[in-house]
Every structure is written in C-alpha cells, then in structure tokens.
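A.B. asks: Can you keep this structure in mind? I'll have questions shortly.
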Amino acid sequence: MTRFRLDRRTMLKGMLGGAAVSIALPTLDVFLNDSGTAYADCGALPVRFGWWFFGNGVIPELWVPQGTGRSYVLPEQTAPLEPMREKISFVTGTRVMTPNTSPHGSGPAGLLAGGDMTSSYPGPTIDQIVAEADGFRGATRFRSLEIGVQRATTGLSHSGPDAVNPPECSPAALFERLFGAGFRAPGETTEPDPRLALRRSVLDAVTGQARRLQSRVGARDRQRIEEHLDGIRAIETQIARLQEDPPNLAACMRPTAPTTDYPDLEGRPQMSAISRVMSDLCAMALACDQTRVFSVMFSQPVNNTLFLDTTAGHHQLTHDEPGNPQPEVNRVVTFVHEEMAYFLSALDRIVEGDGTLLDHAAVLCTTDVSFGRTHSIENYPLVIAGGACGALRTGIHHAAPGANATSVSLSLMRAVGLNAAEFGFGVGRATDGLSEIEV
C-alpha cells in the first residue's frame, strides 16, 4: 500500500473576507524522509537567502574537489573552505544552458535570472524573487541588501529587465544605513507592531481543509494538527495585549563603526579589509533581522583589480598569463576563497537557538564563468552554504555532469520556502531541482 506522503512546506489555505490566507503545519510523521529522520525547521527564527559572487572564474583542475559524496579532497583553490566543509556542499559539472553570447554576462544571467543575456537580464534574479515571497516581503526593515567590495561595482541583482539594484560599496555608508539613527534593536521599543492590528483569526478559513487532512493521517498526526490549531488560536487571542516587538534576537547588537575610508595601498585596493568589515556588517544585519535577503559582489565580471602579489589586473591575467595552470591567477582565486570562507564563518559565528545563522540560511557562492581564459559556462563552479533550516544537505560534493545549473537555483528557492514549480526561460528553464542537494 502506498504510504500517504506530504511535503513539509504544505500550508493550510482558505479565504477570509475575500483574501487568501494560509497557516503552516507542525512537524508531522508524514513529513519524515525515507530514513525516518524528521525534517528540521527554524522554529521562530527566520530563514535567510543570499548569494556571494566573484568575477573572472576559476582554474577548474585546481578548483573541483577530488572524490564525491562526503569523501572528497579539496584542491588548492578551494582549500580555504576546508574549515567550513560540514556547512557547505560543492556542485560540479552543471551547465548554464542559455547561449554563451555575452562573455562574463551569460553565465550570471542564466544562473541568477534563468535566461539569456541580451541588453539586460530577462527577469528578476533569484534574490529578488525570494524577497517578494511570503515570509520575506514586508517582514523586515530592508527588502534586501546589495553589498559590494570592489569599488564602483555595477551589481548583478535585478528586480527585472533594466532594473539593477546597485550595491553599496562603502563600509561607512553601509554601517550608517543599517545601524545609524534609524536602527532599533529587537525589543528596544515598547510601541506595538502596527502589523499586529491587522491579524485576525484565520482558523475558520482553513477548518475544512484541516479536517480533511486529519482524516487522512494517523492518530498522532491528528492530535498534532489539533494542538497546533489550538495553539494558534490561543496566540491570536492575545494579539490585543501584545505590546512588544517580535521575539528578541539574542545575537543582535550594534557593531562598532568601521573606518571611514580604505584608501588603496600602492595602487592596490584593500580587498580583504573591506570584504571582512562588509561580511561582519552583513552578518549582523541578518542577526538583527534587518533583512532576510542579501547579495554580496566581492568583485564584478571582467574586473581588472590589481590584487596583492600580481603583476597585472585580474581579468588581464586570466587571458594573458602564460602557463597551465596560471600561477598568478591561481593565487588570486585562492585569495578570493579565503574571503568567501571568512564571510561564511561570519554567519556561522552567530549562534541562534540550537544552531547558527548559517544553519538557518541558504547561500549560493559562484562566479561568472568556469575557466576564465575560455569564458566557458560549462562545469560551472557552485558552492552551496548553509542548511536552510534542514532543507539542504551539507558536507558533500555532488558531480552532476551536464545538468542544468538553474536546477540548483530552483532547489535553493524551494529550500527557503518558495512553492516554485519552475525557474527560468526557454532552454534555461528548470522544472526539477537538484534532488541530491535537497533533504
């Protein structure tokens, strides 16, 4: 007999006063996976989503992990991520299926927006799709944060065609925006949240669906659903007396203001210093629930940043440096991954409940091409960080030769709660996620 299964993101839905309403279900036995392990969730804590990007690609033979599953070895360029290996997963072999008509542009457009790069992106990027979803839209002070490390970065986050969201590249300006005069730590104000007055009991609107569901599940699940609905009703009867902000996020604090300026040193930007203060500010903004969606542009496509210990700009080196592998390009990419590791560790240092902020996030780390010298968008470099509250597998290397890269984008959106049937356009469209990275 086929066992009745239920997706853990199933919502009870109904209509109330002509408007659609929904409530989440508690963890039920029918949510268990095949091994009998319950899917984790964030409880009262929010799930976060974002991406961390660097330009000009990698050297594949020095980037791709050796071995698959949990038994893999990191080569030189990804070795800085070794301390984070239990909190990340590598996906290799995927292709951006859209035509490679724009060197350094087609890859990000295909992966992040799901379509071909023409004069602009074909639609919103995945960060902005998430920012408009239930649980994200209107939940925080900032809809999303766009952060840059390289100065004068144009940004890849798009709200739609020809609608770029420019990143903030000044640590001082980002600090003032996040933690200046308008900042209020959770619990600082005694004024009631005006959104509370808008809440009404939604149980009547979903009672019929709840009863039908109870008739199909076991006795324990019937009791859990009943208790869950009773709990929601009890909470809603207290709304009129609720006079405090959402529950205090214990890790939230106003950070120390950064240095006003980070001038170049002998013509070379202080990429590490800027990146690390931006990482810390982004992490604390998430810890304070100022936003739940972010994008970090460490360096933009085709950047010619003069990194330490290099004789020319980064993009120029990817094409002109002799040798295979290219030693200076290798040093730059290894350095980039050191900064990527710092960013992820900044999220992982923030304790939330029984886990960390990184455990409650889904972060895509990627670049614009695979091999910078050839502008290839095959074997696309993808690092997935964070567990998204138990929705994503971590600690693995999954090789997926020829798979559609946008299937990873779709998996990530679903992992943070979006009920997305598909993502992308034309040949870039994905209707299935990458199940190997999903729980």
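A.B. asks: Quick check, is residue 424 over 17 Å from residue 292 (Cβ atoms), open to solvent by less than 40 Å² (accessible area, probe 1.4 Å) and free of Cβ contacts under 8 Å to residues at least 60 places away in the same chain?
C.D. replies: Considered against the rule, which asks whether it is over 17 Å from residue 292 (Cβ atoms), open to solvent by less than 40 Å² (accessible area, probe 1.4 Å) and free of Cβ contacts under 8 Å to residues at least 60 places away in the same chain, residue 424 comes out as no.
A.B. asks: When only residues in region 40-70 that are of a type in the set (A, V, I, L, M) and open to solvent by 20 Å² or more (accessible area, probe 1.4 Å) count, which is farthest from the chain's Cα centre (by Cα)?
C.D. replies: So the residue we want is 62.
A.B. asks: Answer yes or no: is there a residue in region 265-279 that is open to solvent by 10 Å² or more (accessible area, probe 1.4 Å), touching a residue at least 12 places away in the same chain (Cβ under 8 Å) and in contact with a Leu (Cβ under 7 Å, 6 or more places away or on another chain).
C.D. replies: Within region 265-279, one or more residues are open to solvent by 10 Å² or more (accessible area, probe 1.4 Å), touching a residue at least 12 places away in the same chain (Cβ under 8 Å) and in contact with a Leu (Cβ under 7 Å, 6 or more places away or on another chain).
A.B. asks: Oh, and also: Are there any pairs, at least 6 apart or on different chains, whose C-beta atoms fall under 6 Å, with the first in region 109-124 and over 18 Å from residue 408 (Cβ atoms) and the second acidic (Asp, Glu), and if so, which?
C.D. replies: 120/162
A.B. asks: Something else about it: Hey, residue 127 hits all of (1) charged (D, E, K, R); (2) within 20 Å of residue 374 (Cβ to Cβ); (3) open to solvent by less than 10 Å² (accessible area, probe 1.4 Å) but one; which does it fall short on?
C.D. replies: Answer for residue 127: the failing condition is (2).
A.B. asks: Sort out for me the strands (runs of 3 or more DSSP E) sitting completely within region 332-417 that have 2 or more residues that are in contact (Cβ under 8 Å) with a residue 40 or more places away in the chain and either among the hydrophobic types (A, V, I, L, M, F, W, C) or surrounded by fewer than 21 Cβ atoms within 10 Å (Cβ to Cβ) (or both).
C.D. replies: Of the strands (runs of 3 or more DSSP E) lying wholly inside region 332-417, those with at least 2 residues that are in contact (Cβ under 8 Å) with a residue 40 or more places away in the chain and either among the hydrophobic types (A, V, I, L, M, F, W, C) or surrounded by fewer than 21 Cβ atoms within 10 Å (Cβ to Cβ) (or both) span 361-367, 382-385.
A.B. asks: Give region 208-230 a look and list any residue that's out of contact with any helix residue (DSSP H, G or I) (no Cβ under 6 Å at 6 or more places or on another chain), polar (S, T, N, Q) and without any contact (Cβ under 8 Å) to a residue 24 or more places away in the chain, or say none.
C.D. replies: Listed by number, the residues that qualify are 215, 223.
A.B. asks: Here's something else I'd like to know. Being open to solvent by 60 Å² or more (accessible area, probe 1.4 Å), part of a helix (DSSP H, G or I) and in contact (Cβ under 8 Å) with a residue 40 or more places away in the chain is the filter here, so list the residues in region 80-101 that pass it.
C.D. replies: Within region 80-101, 83, 86 meet the criteria.
A.B. asks: May I pose another question? When you go through (1) under 26 Å from residue 264 (Cβ atoms); (2) small (Gly, Ala, Ser); (3) part of a strand (DSSP E or B) one by one for residue 159, which number turns out not to apply?
C.D. replies: (1)
The values are calculated or read from the model by the stated rules, or taken from the named source; none is laboratory data. Note that the structure is a prediction, hence the values are computed from the model and not measured. Note that we place each Cβ from the backbone using ideal geometry, even for glycine, and neighbour counts take in every protein chain shown. The protein model used for the area step is the full one, side chains on, heavy atoms only, and it has no ligands, DNA or RNA in it. Shrake-Rupley method; radii C 1.70, N 1.55, O 1.52, S 1.80 Å.
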